[in-house]
Amino acid sequence: MKKILILILFLSTIFLFKSNVQAESFVESNYINGEFINKVKDNKTYYMTMQFIKDSKGRIVYCLEPFVDFKTGQSYEEYEGDLSGYANLTKEQKREIELIIYYGYGYGNRVEDKWYVITQYLIWKVVDENANIYFTKTLNGSKIDKYINEINEIKTNVEKHDIKPSFLNDYNVDYGKSLIIRELNNDYEIVDANIDYYKNENGFQIDVVHESGKIGFRKISNYYENKVMIFDSANSQDLIRPGNVEEQVYNFNINVKKGRITVDIRKVEDVYTIESSLKDTCYEIRNENDIFVDKICTGDEYLVYTTDDLPYGEYSIEQVSVGIGYKKDDNLYKVTISDKDINPYIILNNLLIKNFIDIVKYECIGDECLFEEGAIFKVVDKNGDNVCDLITDKEGFTFCEVGYGTYDVSQIKGKDGYTLVDSYKEKIVDEDTMHRRELYDYLIKEEVEIPSNIFNEIPDVYEEVRPPDTKIDFIRYDIILGSLFLIIFMIKKIT
C-alpha cells in the first residue's frame, strides 16, 4: 500500500511540474495589405502575401527558413543571446541577422508595417544567398524594385554597427596629467577596467593619471527588454525574435609616460681634509617650464636619490647650497626622461676646496742668505694628526697640497748650528689665496772664552764671530787687549 502511495505522489509531482512549464507558441497574425514576395530556387517559385507571425505575448518574430512552411502547435528548442548552439547558420550569418532585426521593424520610428516586410526580406536574403527573392506588384506578379532607400538605411546601420570606434587607440599620457575621451560617452559602457575613472555626459575621464591601465568597453544595446532568441523546430519553420544583440568588447591601453631620475651625489676628496662636510649640499630639480619638481639634500656622506614618478620631458638640476669646504657648482645639468631612457642616472661630483702650502727656505749668516736644502717641516691638522712631511730641495722649496681646514706648520730639522723657525698656522678656505712663506734660519752666535794665561802670551789666532741680526760693525776687542798687554809687559821689563 505504501509503495502505491509513493508512486502516486511521484507521478503527481511530475504532472504538476510539467503543467507549470510553459512552452512558447506562435501564430500567424494578420496579412499585410499590398506586400507580396516571390522566392525562387531550383526553378521552383514560392509566392506569398506577407503576414505577421507573433508569439504568445504578441511579440513579433521572423522566419529563418525561406522554403520551409510554418506550422502551428510545434515544440521548439530555444537559444537565447549566445546563438552558438544553432547550427543552421554560420557565425557571420547569425550576426548579420541579429543586427537586421535590431535595426528593423520597431527600431526608432520604423513602426509601419512595411518595415516588418523589409526586415523579413533582408533576413531571407542573408539565409539563402543562392535563392532569388524579390518583391512583386501583385500575388505571384511581376518583379518590382521596392523600398530601395529603406533597405539601404537598415544595411547602413548594420554595416556601421561593428566598425571599430574611431577613438579605439592606445593613449599615451604624461604622468599626473588628465585624460578625456569624449567619444566614449553614454552610448557605451565600461565592462573591464584596472584603473580608476568616471564617466558622464562629457565622456570618459581620468583626472590624474598615475598608473598605466587597460579599459574594456562596448556599445550599450538596451533597446529591447530581452535578448535576441532563436526557436528551432524539427517540424516547422525556425523562428527568431528581436532583442538586444551581444556587443563586441573593445580594449584600449592607457600608457603612462613616466620615469624617474636617479641623482648620485658624491664628494671628490683627492687631498687630505677633516674639516669639510657634504651635509646640506642641496640640489633642485625643475621641469622644462622651470616649475619646481623636487629638492635633494645630503647628510654628512654621499647620497644616491631617486625621484618619484615624473612625466616624460627635460629636467634641469641645479645646486642651490653647498657643504662646508666644497666649491659651489654653478653648472646647470640637463636630463631627459623618454622612451629611450625612462630612468636617467646622473652623477654630481662635489669638488673639495684645496690649496698649496708653499715654503721657500733660506740659511743665513748675517745678511748673507742662501737656499737651504734638506730642511724638514711637518704639517698637522687641528687634531694634531700628521698630514705631510716636507723636505726642501736645492732651491729651498717644498710644498704640500691640502684640503679645506686649518693646519699647523713646524720645522723639525734644519742645518746644524742654525736656528729653527717658529711654528705657524695656515687656513685653507679658498683656492685663490696664495699660502707661500719665505722662512730663514740663522747661524747660532758662539761666546768667546778668554784663556787663563792671556796675560803671559798673546794668542796667535782668535775666532771671528759675527751676529746675524745686526748691521753694526763688529769691534776687534782682541787686538786692543793684545796691544794693552804688550805695553804693560814692556813697562815691567824696563823697570
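The values are calculated or read from the model by the stated rules, or taken from the named source; none is laboratory data. What you see is a predicted model; the values in this text were computed from it and never measured. Backbone-built Cβ (ideal geometry, glycine too); neighbour counts: all protein chains shown.
Tell me the residue from CYS297, CYS364 that is closer than 30 Å to TYR418 by Cα, of a type in the set (A, V, I, L, M, F, W, C), out of contact with any Lys or Arg (no Cβ under 8 Å at 6 or more places or on another chain) and surrounded by 12 or more Cβ atoms within 10 Å (Cβ to Cβ), please.
Unique residue meeting the criteria: CYS364.
Taking the stretch 418-441, which residues are under 24 Å from PHE371 (Cβ atoms), part of a strand (DSSP E or B) and charged (D, E, K, R)?
Once the filter is applied, which keeps residues that are under 24 Å from PHE371 (Cβ atoms), part of a strand (DSSP E or B) and charged (D, E, K, R), the stretch 418-441 yields GLU426, ARG436, ARG437, GLU438, ASP441.
Report yes if ILE97 is under 23 Å from GLN248 (Cα atoms) and part of a helix (DSSP H, G or I), otherwise no. Before the answer, list the steps.
Values: under 23 Å from GLN248 (Cα atoms): yes; part of a helix (DSSP H, G or I): yes.
So ILE97 passes the test.
Can you find, within the stretch 49-70, the residue that is farthest from VAL117 (Cα to Cα) among those that are surrounded by fewer than 13 Cβ atoms within 10 Å (Cβ to Cβ) and not polar (S, T, N, Q)? Explain how you work it out, then say what you get.
Of the residues in the stretch 49-70, the ones surrounded by fewer than 13 Cβ atoms within 10 Å (Cβ to Cβ) are 56-58, 69.
Checking the rest, the ones that are also not polar (S, T, N, Q) come to 57-58, 69.
Details: LYS57: 20, GLY58: 17, ASP69: 17 Å.
If we take residues in the stretch 49-70 being surrounded by fewer than 13 Cβ atoms within 10 Å (Cβ to Cβ) and not polar (S, T, N, Q), then LYS57 is farthest from VAL117 (Cα to Cα).
Among the residues of the stretch 143-176, how many are free of Cβ contacts under 8 Å to residues at least 40 places away in the same chain, outside any helix (DSSP H, G or I) and among the aliphatic types (A, V, I, L, M)?
Looking only at that region, the number is 2.
Just for the stretch 374-388: of the residues that are charged (D, E, K, R) and in contact with a strand residue (DSSP E or B) (Cβ under 6 Å, 6 or more places away or on another chain), which one is nearest to LEU439 (Cα to Cα)? If you could, list the steps in order and put the result at the bottom.
Pass one, the stretch 374-388, residues charged (D, E, K, R): 378, 381-382, 385.
The next check asks that each one be in contact with a strand residue (DSSP E or B) (Cβ under 6 Å, 6 or more places away or on another chain); those that pass are 378, 381-382.
Numbers: LYS378: 14, ASP381: 21, LYS382: 22 Å.
Only one residue fits best here, namely LYS378.
Starting from the stretch 390-408, take each residue that is hydrophobic (A, V, I, L, M, F, W, C) and list its partners that are part of a loop (DSSP other than H, G, I, E, B), counting only C-beta distances under 7 angstrom and pairs at least six apart or across chains.
So the pair list comes out as ILE391/GLY374; VAL402/VAL271; VAL402/TYR272.
Which pairs do you get when a residue that is small (Gly, Ala, Ser), found in the stretch 97-113, comes within reach of a residue that is part of a helix (DSSP H, G or I), reach meaning Cβ atoms under 7 angstrom, with the pair 6+ apart or on two chains?
Qualifying pairs under 7 Å: GLY104/TRP115; GLY104/ILE118; GLY104/THR119; GLY104/ILE154.
For the stretch 399-417, give me the residue count where each residue is more than 47 Å from the chain's Cα centre (by Cα), surrounded by fewer than 18 Cβ atoms within 10 Å (Cβ to Cβ) and part of a strand (DSSP E or B).
So the answer is 5.
Does any residue in the stretch 362-389 that is touching a residue at least 24 places away in the same chain (Cβ under 8 Å) and under 16 Å from ILE428 (Cβ atoms) come within less than 6 Å, Cβ to Cβ, of a residue that is exposed (fewer than 15 other Cβ atoms within 10 Å of the Cβ) and not β-branched (Val, Ile, Thr) six or more places away or on a different chain, and which pairs are these?
Every condition considered, the pairs that remain are VAL380/ASN386.
Is the stretch 201-217 home to any residue that is touching a residue at least 60 places away in the same chain (Cβ under 8 Å) and either part of a loop (DSSP other than H, G, I, E, B) or among the basic types (Lys, Arg) (or both)?
yes
Just one of (1) within 30 Å of GLY58 (Cβ to Cβ); (2) not in a loop (DSSP other than H, G, I, E, B) trips up LYS257, so point out which.
Against the list (1) within 30 Å of GLY58 (Cβ to Cβ); (2) not in a loop (DSSP other than H, G, I, E, B), LYS257 comes up short only on (1).
So which strands (runs of 3 or more DSSP E) are wholly in the stretch 23-83 and hold at least 1 residues that are in contact with a helix residue (DSSP H, G or I) (Cβ under 8 Å, 6 or more places away or on another chain) and either of a type outside the set (Phe, Trp, Tyr) or without any contact (Cβ under 8 Å) to a residue 60 or more places away in the chain (or both)?
The qualifying strands (runs of 3 or more DSSP E) are 26-41, 44-55, 60-63.
Scan the stretch 267-281 and give yes if some residue there is over 30 Å from GLY104 (Cα atoms) and under 23 Å from the mean Cα position of the chain (by Cα), otherwise no.
No, the stretch 267-281 has no match at all.
So if I check each of ASN149, ASN157, which one is surrounded by fewer than 16 Cβ atoms within 10 Å (Cβ to Cβ), under 56 Å from the mean Cα position of the chain (by Cα) and either under 13 Å from TYR62 (Cβ atoms) or not charged (D, E, K, R) (or both)? Before you say what the answer is, go through the steps one by one.
Details: ASN157 fails: surrounded by fewer than 16 Cβ atoms within 10 Å (Cβ to Cβ).
Exactly one residue qualifies, and that residue is ASN149.
Go through the stretch 349-390 residue by residue and tally those that are in a strand (DSSP E or B) and over 48 Å from the mean Cα position of the chain (by Cα).
Within the stretch 349-390, residues that are in a strand (DSSP E or B) and over 48 Å from the mean Cα position of the chain (by Cα) number 22.
When ASP339 is evaluated against the numbered criteria (1) touching a Pro at 6+ places or on another chain (Cβ under 7 Å); (2) at pLDDT below 95; (3) of a type outside the set (Gly, Ala, Ser), which criterion, by number, is the only one it fails?
(1)
Within the stretch 291-333, how many residues are touching a residue at least 24 places away in the same chain (Cβ under 8 Å), aromatic (Phe, Trp, Tyr) and not in a loop (DSSP other than H, G, I, E, B)?
Going through the stretch 291-333 one residue at a time, the tally reaches 3.
Any idea which of GLY141, GLY73, GLY85 is surrounded by fewer than 18 Cβ atoms within 10 Å (Cβ to Cβ), at positive phi and out of contact with any Cys (no Cβ under 7 Å at 6 or more places or on another chain)?
Just a single option satisfies the conditions, and that option is GLY73.
Can you say whether GLY323 is within 30 Å of ARG436 (Cα to Cα), small (Gly, Ala, Ser) and surrounded by 14 or more Cβ atoms within 10 Å (Cβ to Cβ), as far as the supplied structure shows?
yes
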